[in-house]
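The values are calculated or read from the model by the stated rules, or taken from the named source; none is laboratory data. A quick note: this is a predicted structure, and the numbers were derived from the prediction, not measured. We place every Cβ from the backbone using ideal geometry, glycine too, and count neighbours over all the protein chains shown. Side chains included, ligands, DNA and RNA excluded: accessible areas come from the protein's heavy atoms. Shrake-Rupley method; radii C 1.70, N 1.55, O 1.52, S 1.80 Å.
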Amino acid sequence: MSRADEIFISNCRDILENGVWDTELQVRPHWEDGTPAHTVKKFGIVNRYDLSSEFPILTLRRTYWKSAIDEILWIWQKKSNNVHDLKSHIWDAWADENGSIGKAYGYQLGVKHHYPEGDMDQVDKVLWDLKNNPASRRIMTNIYNFADLSEMALYPCAYSMTFNVSGNRLNAILNQRSQDFLAANNWNVVQYAALTMMIAHVTGFEPGEFIHVIADAHIYDRHVPLIEEIISHEPKAAPKFIIDDKINDFYQFSTDSFHMEDYIYSEFNAKIPVAI
């Protein structure tokens, strides 16, 4: 069984069986028809994935991993806040008439800051520290900039990454304030596990542990039967995630730099409504 499947099933059962519903509260998210989108949630979920053992992608249903990586490159490599730079349409609902999502996500990572080593953005500082000061306990990014929240189309959900070197392994923690468990859980896990592996690859380390901290892990009311169907599927073995050995610069990566070997998954063709 894929470790990602095992964790996903355990989390979903915990949320459904022990979670708290917000049906008595007024909520911001709504469905396309205007109906309030209520959730059942657990607060403070922590999942650990050993990237040296297997790549954490679901086999219970297909995760479109190339699109997931395209989005993480849009944020971390292109440092873009414009949907026209993104191949998928997942951000279209939050974009303005020019395609901008405001001062969110990639915009924040692209802002240059002054450090003793010189002026650089958060991504370049991570890469510099891992190559030059890997013992540092300050290798992190944070895009939850309170000064710019009013100019963001959506407050960042996955907002902070902390990197730490242990021996020859690069470990990372993703902090996430909120997560739509059906639509986004494995999508985000695949993205940030791949990001950790990319950064390890170009800085000379082996992938270590990826830790995912979710403050508000929730399942929407209209997603409950879909979740129940997915976790009833038979888990399969995890595939192998392969990175192009010729890439030695983070800014050289593209979606064609990766290959998923032996990715076998259960079919799931139901339409997933997205709360906005």
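Just the protein heavy atoms count here, and of the accessible area of the stretch 47-91 at 1.4 Å, carbon and sulfur take up 43 percent. Projecting the Cα positions of Ala147, Ser160, Asn98 onto the charge dipole of the stretch 47-174 (unit charges on Cβ atoms of Lys, Arg, Asp and Glu, taken about the Cα centre) puts Ser160 furthest along the positive direction.
In debye, nearest 20: dipole of the stretch 119-209 around its Cα centre with unit charges on the Cβ of K, R (+) and D, E (-)? Please list the in-between numbers first.
Details: 6 positive and 9 negative charges, 65 e Å.
Its charge dipole is roughly 320 debye.
In debye, nearest 20, what is the charge dipole magnitude of the stretch 163-235 about its Cα centre with +1 on Lys and Arg Cβ and -1 on Asp and Glu Cβ, if you could check?
Values: 3 positive and 8 negative charges, 69 e Å.
Computed charge dipole of the stretch 163-235: roughly 340 debye.
Mean sequence separation of contacting Cα pairs (under 8 Å, at least six apart), scaled by the length of the stretch 165-268, corresponds to a relative contact order of 29 percent.
Spherically averaged projected area of the convex hull of Cα atoms, the stretch 122-185: 5.6 nm². Only the Cβ atoms of Lys and Arg (+1) and of Asp and Glu (-1) were treated as charged; on that basis the dipole of the chain about its Cα centre amounts to roughly 540 debye. Measuring spread by the Cα atoms of the stretch 22-118 yields a radius of gyration and Dmax of 18.0, 52 Å.
Taking the helices alone, the chain has a mean residue ellipticity at 222 nm of -8500 deg cm²/dmol, built from -39,500 (n - 2.57) per DSSP H run of at least 4 residues and averaged over all its residues.
Using every pair of separate Cα atoms, the Kirkwood estimate puts the hydrodynamic radius of the stretch 159-248 at 15.0 angstrom. Using the average count of surrounding beta-carbon atoms within 10 Å as a protection proxy, the listed peptides 48-55, 75-82 rank, highest first, as 75-82, 48-55.
Multiplying each eigenvalue of the alpha-carbon gyration tensor of the stretch 124-276 by 5 and taking the square root yields semi-axes of 29, 23, 14 Å, largest first, rounded to whole angstroms. Rolling a 1.4 Å probe over the protein heavy atoms gives the chain an accessible area of 48 Å² per residue.
Within the stretch 126-200, what whole-number % of the accessible surface is contributed by carbon and sulfur, with the 1.4 Å probe and all protein chains included in the calculation?
Numbers: 1420 of 2950 Å².
C and S atoms contribute 48 percent here.
Put +1 on the Cβ of every Lys and Arg and -1 on every Asp and Glu Cβ in the chain; which of Ile230, Ala215, His114 then has its Cα farthest towards the positive end of the dipole? So the residue we want is His114.
Dividing the mean sequence gap of close Cα pairs (under 8 Å, 6+ apart) by how many residues the stretch 106-168 holds gives a relative contact order of 27 percent. Relative to its Kirkwood radius, the Cα radius of gyration of the chain gives an Rg/Rh of 0.95. Here the relative contact order of the chain, from alpha carbon pairs under 8 Å that lie six or more residues apart, stands at 27 percent. Name the residue farthest towards the positive end of the dipole of the stretch 180-276 from the options Ser257, Ala270, Pro239, assuming +1 on Cβ of Lys and Arg, -1 on Cβ of Asp and Glu, about the Cα centre. After comparing all options, I get Ala270.
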